[in-house]
Amino acid sequence: MLPVVDNFNLPRRLGDGLVLRWGRPGDVEAIAEFNSRIHSSSPTEPDLYVANWTRELMSGNHPTTQAHDFLVVVDENRNGKIASTLNLISQTWSYGGIPFRVGRPEIVGTDPDYRRRGLVRTEFEVIHALSAFRGEMVQVITGIPHYYRQYGYGMSLDLSGARRLDFHAVPKLENGAQESFRLRPAKFEDIPVLSELYAIHCASSLVSRIRDNNEWRYELSANNEKSVSYHQFYIVETLDGEVAGYTEAIPGTPDPNSPFTIHELAARPGYSLRAVSQFLARAFKEIAEENNKHRKEPMVGLSFNFGESHPVYTALGNIFSRTIPPYAFYVRVPDLPGFLMHIRPVLEKRLIGSVMENHTGALRLNFYSYQIALNFEHGRLKEIAPFKATSYQDGDALFPGTTFLDLLFGRRTLEELRYIFPDCFASNSGAQVLLDILFPHKPSHVAVLN
Ligand SMILES: CC(C)(COP(=O)(O)OP(=O)(O)OC[C@H]1O[C@@H](n2cnc3c(N)ncnc32)[C@H](O)[C@@H]1OP(=O)(O)O)[C@@H](O)C(=O)NCCC(=O)NCCS
C-alpha cells in the first residue's frame, strides 16, 4: 500500500460541529462499537461479526488496511461522538489474467441522528480520491440494493450465487469402500501448493483476486469464528500424504443462523475433481453433524458458493436441491477508456480465432453523456479516443447508465441488455457481432479480500 502523502484536505469542518478526518489507532473501539450497532438488524443485538472485522482492519495486521484507511465524521458538539464512517480495503484483482488495482469501500454507516445530511456522499468523494491516488482503476462494493448507484456504480459483477446440497443427497461410499483422501487444515508451508490450486479454482472466473503471500498468511490466520473475515482452508490429501486438492469453507459456526458454506475448491492435475468433491461433501457433512450438536437450529445441507458456474457443479452432477442466483458487486470504473486499454490483451485474444479475426475499424460507443471510439487495426486495439456524436443516437452501439459495465464484466450479453433496456442496442450488425466477440457472457466468483 502507498503511504498517504496527501491528506485530501482533511480534517475538514462540515458545519454544526461535524469534522471529517482519517481514522486513528485510538478510534478502534469507538468505531467497532459504532459499526456493531449501525450494521445490526436488532437494536438489542450488536453485530459482533462486523465489530471484530473492524478491529482486524484497524489492528495494523491487515495486509492492506489500517486505522488511517477509515474515514470518520465526529461531532465536536457531542464529545466527539461518531456520526458516520467507512473505509477502503485495497486489493489487486485480475481480469482474464490482467492484474488491476481495486479499492473496496466498506462498512458504510451513519448514525440515525445524522442521516440525510450528505455525510456518506462527502466521504465517498474523499475515498474515491484516495482510491484514484493509489492507482486503483476500479472500485467495488458489496452493499445494500441500489444505494451506491448514485455514486457512479453499476451492479455489474456477479457476487455470490450458490448450489445447495442437502445432507441426504451427499454421495455415499460404496459398501465396504474406504475413503482414498483425508482432510487437514492448511498451514503456511502449504502456500505454494495453495497458490497453484487457487489458480485452478479461479480459472472458471472472468474476474478474480490475486492473493499475494501476505494475503495468504493473513487469511490462513483468520480464525476468529465471529468475524466477517473468518475462513478455514483445508488440504485434501491422499492417504500417503500427497496433496490432491484444497478447499476454503466456513464450517457452520455455533451461531444459529450460519450455514456451512464452501467458497473455494480445486483438485490438482492428475486427480478427479468429482472424487475430491464427493469426498469433501462427505467430510463436511460429518463436521456439520458434529457442529449441529452445539446449535439450536441444525444445518441441513452444504452450500457451494461458486457463483453461477464452476467445474464443481459439473463434477457433482444433478444432486443439488437448489440454485441460488448471484447478487452483484457494485462496480465503478472512473476511467473506462483507460481500463479498456489496460485489458486490451484479453480483448485482442478474444478476436483471434473469431469470425472477426484481424478486424480493422472503429467501434463507436455512445454512452449518451459521452462517446468513445475503439480503434482496431488488424485485430489490435490501437487507441481509444472520444468521438463527437453528430446526432443524439449517433454511434455503433448505445449504452444508457452503467449498462456497459454488465457487458464488460461478463454478467450480461448485449442481447440480454437490449431485452431489458430498450435504449441499449447495437445500431448495425457489425457492431453487434464484434461486441459479442469482445464481451462474451462469462461468470465470475471473486474471493474478495475482507
Ligand atoms: C445508507 C446510509 C449509509 C446513508 O447514509 P447517509 O449519511 O444518510 O447518506 P447521505 O446523506 O450521504 O445520502 C446521500 C443520498 O442517498 C440517498 N439516501 C440516503 N438515505 C436514504 C434513504 N433512507 N432512502 C432513500 N434515499 C436515501 C439520498 O438520495 C441522499 O441524498 P438526499 O438526502 O440529498 O436526497 C445510512 O442510512 C445507514 O447507515 N444505514 C444503515 C447501515 C447501512 O445500511 N449501510 C450500508 C451498508 S452497505
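The values are calculated or read from the model by the stated rules, or taken from the named source; none is laboratory data. These numbers come from a predicted model, not from an experiment. Backbone-built Cβ (ideal geometry, glycine too); neighbour counts: all protein chains shown. Just so you know, the surface numbers come from the protein's heavy atoms only, side chains and all, with ligands and any DNA or RNA stripped out. Shrake-Rupley method; radii C 1.70, N 1.55, O 1.52, S 1.80 Å.
Restricted to the stretch 105-129, and to residues that are over 18 Å from residue 31 (Cα atoms) and more than 6 Å from the ligand (Cβ to nearest atom), which residue is least open to solvent (accessible area, probe 1.4 Å)? Within the stretch 105-129, the match that is least open to solvent (accessible area, probe 1.4 Å) is 126. In the stretch 168-176, the count of residues that are open to solvent by less than 50 Å² (accessible area, probe 1.4 Å) and free of Cβ contacts under 8 Å to residues at least 60 places away in the same chain is zero.
Any residue at all in the stretch 158-166 that's of a type in the set (Lys, Arg), open to solvent by less than 50 Å² (accessible area, probe 1.4 Å), farther than 30 Å from residue 402 by Cα and in contact with a strand residue (DSSP E or B) (Cβ under 9 Å, 6 or more places away or on another chain)?
Of all residues in the stretch 158-166, those of a type in the set (Lys, Arg) come to 163-164.
Pick out the ones that are also open to solvent by less than 50 Å² (accessible area, probe 1.4 Å) and you get none.
Within the stretch 158-166 (the criterion being of a type in the set (Lys, Arg), open to solvent by less than 50 Å² (accessible area, probe 1.4 Å), farther than 30 Å from residue 402 by Cα and in contact with a strand residue (DSSP E or B) (Cβ under 9 Å, 6 or more places away or on another chain)), the answer is no, since none of the residues qualifies.
Taking the stated definitions as given, is residue 288 crowded, with 18+ Cβ neighbours inside 10 Å and at pLDDT 95 or above? So residue 288 does not fit the description; no. Residues in the stretch 161-179 that are outside any strand (DSSP E or B) and either modelled with pLDDT of 95 or more or hydrophobic (A, V, I, L, M, F, W, C) (or both): 161, 167, 168, 169, 170, 171, 172, 173, 177, 178, 179.
For the stretch 135-156, the set of residues classified as surrounded by 18 or more Cβ atoms within 10 Å (Cβ to Cβ) and more than 16 Å from the ligand (Cβ to nearest atom) consists of 136, 137, 138, 156, listed by residue number.
In a residue-by-residue description of the stretch 296-305, the property of being closer than 20 Å to residue 405 by Cβ and charged (D, E, K, R) applies to no position.
Is it the case that residue 208 is under 18 Å from residue 52 (Cβ atoms), among the small types (Gly, Ala, Ser) and surrounded by 17 or more Cβ atoms within 10 Å (Cβ to Cβ)? The answer is no for residue 208.
Taking the stated definitions as given, is residue 84 of a type in the set (Ser, Thr, Tyr), open to solvent by 10 Å² or more (accessible area, probe 1.4 Å), at pLDDT 95 or above and within 16 Å of the ligand (Cβ to nearest atom)? Here the answer is no, as residue 84 does not meet what is asked. Cβ separations smaller than 7 Å between residues 6+ apart or across chains give the following pairs from the stretch 399-417 residues that are under 14 Å from residue 155 (Cβ atoms) to residues that are part of a helix (DSSP H, G or I) and among the hydroxyl-bearing types (Ser, Thr, Tyr): 417/403.
State whether the residues of the stretch 262-279 include one that is in a helix (DSSP H, G or I), out of contact with any strand residue (DSSP E or B) (no Cβ under 6 Å at 6 or more places or on another chain) and buried (at least 20 other Cβ atoms within 10 Å of the Cβ). Please lay out each step first, then the result.
Our first condition is that a residue be in a helix (DSSP H, G or I); within the stretch 262-279, this holds for 273-279.
Subset that is out of contact with any strand residue (DSSP E or B) (no Cβ under 6 Å at 6 or more places or on another chain): 274-275, 277-278.
Going one step further and asking which of them are buried (at least 20 other Cβ atoms within 10 Å of the Cβ), we end up with 277-278.
Within the stretch 262-279, one or more residues are in a helix (DSSP H, G or I), out of contact with any strand residue (DSSP E or B) (no Cβ under 6 Å at 6 or more places or on another chain) and buried (at least 20 other Cβ atoms within 10 Å of the Cβ).
Only strands (runs of 3 or more DSSP E) whose full extent lies in the stretch 1-119 are considered here, and the ones with at least 3 residues that are among the polar types (S, T, N, Q) are 81-95. Just a yes or no: is a residue in the stretch 181-192 within 16 Å of the ligand (Cβ to nearest atom), surrounded by 16 or more Cβ atoms within 10 Å (Cβ to Cβ) and not hydroxyl-bearing (Ser, Thr, Tyr)? No - not one qualifying residue is present in the stretch 181-192.
Once the stretch 309-338 is narrowed to residues that are touching a helix residue (DSSP H, G or I) at 6+ places or on another chain (Cβ under 9 Å) and aromatic (Phe, Trp, Tyr), the residue that is least open to solvent (accessible area, probe 1.4 Å) is 330.
Check 54, 65 and return the single one that is away from the ligand (no atom under 16 Å from the Cβ), within 17 Å of residue 32 (Cβ to Cβ) and within 19 Å of the chain's Cα centre (by Cα).
Details: 54 fails: away from the ligand (no atom under 16 Å from the Cβ).
The unique qualifying residue is 65.
In the stretch 376-388, the residues that are open to solvent by 100 Å² or more (accessible area, probe 1.4 Å) reach residues that are assigned to a loop (DSSP other than H, G, I, E, B) with C-beta atoms within less than 8 angstrom, at least six apart or across chains, in these pairs: 378/358; 378/359; 378/360; 386/370.
Give the number of residues within the stretch 232-251 that are surrounded by fewer than 19 Cβ atoms within 10 Å (Cβ to Cβ) and free of Cβ contacts under 8 Å to residues at least 40 places away in the same chain. Counting residues in the stretch 232-251 that are surrounded by fewer than 19 Cβ atoms within 10 Å (Cβ to Cβ) and free of Cβ contacts under 8 Å to residues at least 40 places away in the same chain gives 4. For the condition at pLDDT 95 or above, among the β-branched types (Val, Ile, Thr), touching a Ser or Thr at 6+ places or on another chain (Cβ under 8 Å) and not assigned by TED's automatic domain parsing to the domain that holds residue 59, what is the one hit in 243, 207? None of the others qualify; the one that does is 207.
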